[in-house]
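Undergrad: Handing you this structure, nothing more for now.
Bear in mind that the values in this text are calculations on the coordinates, not laboratory data. Quantities reported herein were computed from a predicted structural model and do not represent experimental measurements. Cβ sites come from the backbone with ideal geometry, for glycine too, and all protein chains shown count toward neighbours.
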Amino acid sequence: MPRMLDVSEDVRAEIGDEEAERLLAGENAPGSYDCTSCRTPGDSEQERTSTVLFVGEETAVLAFAHASCIPSQVVQVAEEQLQGAVRSITGAEPAGGAPEQAVLGITSGLVLIEGDLHPALVVEPTGPISRPGSGGSTDEFLPLLIEQGFVPVTDMGRLPSVLPGWSVLLAMGQLHAVLQPGTGGGSSSVSWWQAHQPLQVTDGWRAAANKSQRVLVFAAPVGMIGQQPREDLLRDALEKAAADGRLVAAAMPLAGT
């Protein structure tokens, strides 16, 4: 039975016209699936469904998502990260039983700087982040971000500078992803962080983001910030991390509404 699939030109270019037509005809596409974005069930026979192709250096994995969650697209990921995506999509362990990797947790809140409330995201991994390919256990999370253009925070009273090529994707009033420049140059972007399920933000946060069209992104090593129940406690934790030299930040344009 034909499926209600959206296959973008980028996805079609990767998988080829023949495979794309087989998907649309329902030969290779599942009827029911778990959305790769919100993780809830979907049915490609009953609702618009996006084809999402995860592409690594040697591996490509085709997944499906509600079209209302994310559009059909190609997502470039590192080969080792693709193994995590395989686990997420199929629920299966990749060959070789790769160890569980740290993931990035994100908290949203409003931060008062220079007399105005600014929408902010605070990123903290669930474990140490080592340099890709190093095989070491040293936490290199902040050095890696500084190499990408994030700036160490010494004063929470000053706005961080804009990081070129990065953006925060808000769709239907929910947080979907933090995007970074693609490795191939040009204007393409890839997900640095992507929500398994779109993250709810408060009306105040969304209004501030729509007003400034800019989001402040702070990042700290594992265990530095924690889950703070109130914005004043979140601010205190950021102040402490900055005082300890364990906080970096960047401002990013808002993509979407």
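Undergrad: 5 Å is the cut-off here: which amide hydrogens, built 1.01 Å from N in the peptide plane, fall below it relative to residue 165, excluding neighbours closer than 5 in sequence?
TA: none
Undergrad: FRET efficiency for residue 240 and residue 114, Cβ-Cβ distance as r, R0 = 25 Å, nearest 0.05? Write down the numbers at each step before the final one.
TA: Numbers: r = 21 Å, r/R0 = 0.82.
After rounding, the FRET efficiency stands at 0.75.
Undergrad: Would you mind counting up the charge near residue 224? Only other residues with Cβ under 15 Å from its Cβ, with Lys and Arg at +1 and Asp and Glu at -1. Can you show the working numbers first?
TA: Numbers: positive: 235, 240, 246; negative: 124, 139, 140, 236, 239, 244.
Charge balance in the 15 Å sphere: -3.
Undergrad: Now a separate question. How far apart, in nm, are two points set 7 Å out from the Cα along the Cα-to-Cβ line at residue 104 and at residue 60?
TA: 2.5 nm
Undergrad: Relative contact order (percent) for segment 104-256, with alpha-carbon contacts under 8 angstrom and 6 or more residues of separation? Please report the intermediate quantities before stating the final value.
TA: Details: 301 pairs, mean separation 50.0, N = 153.
After rounding, I find 33 percent.
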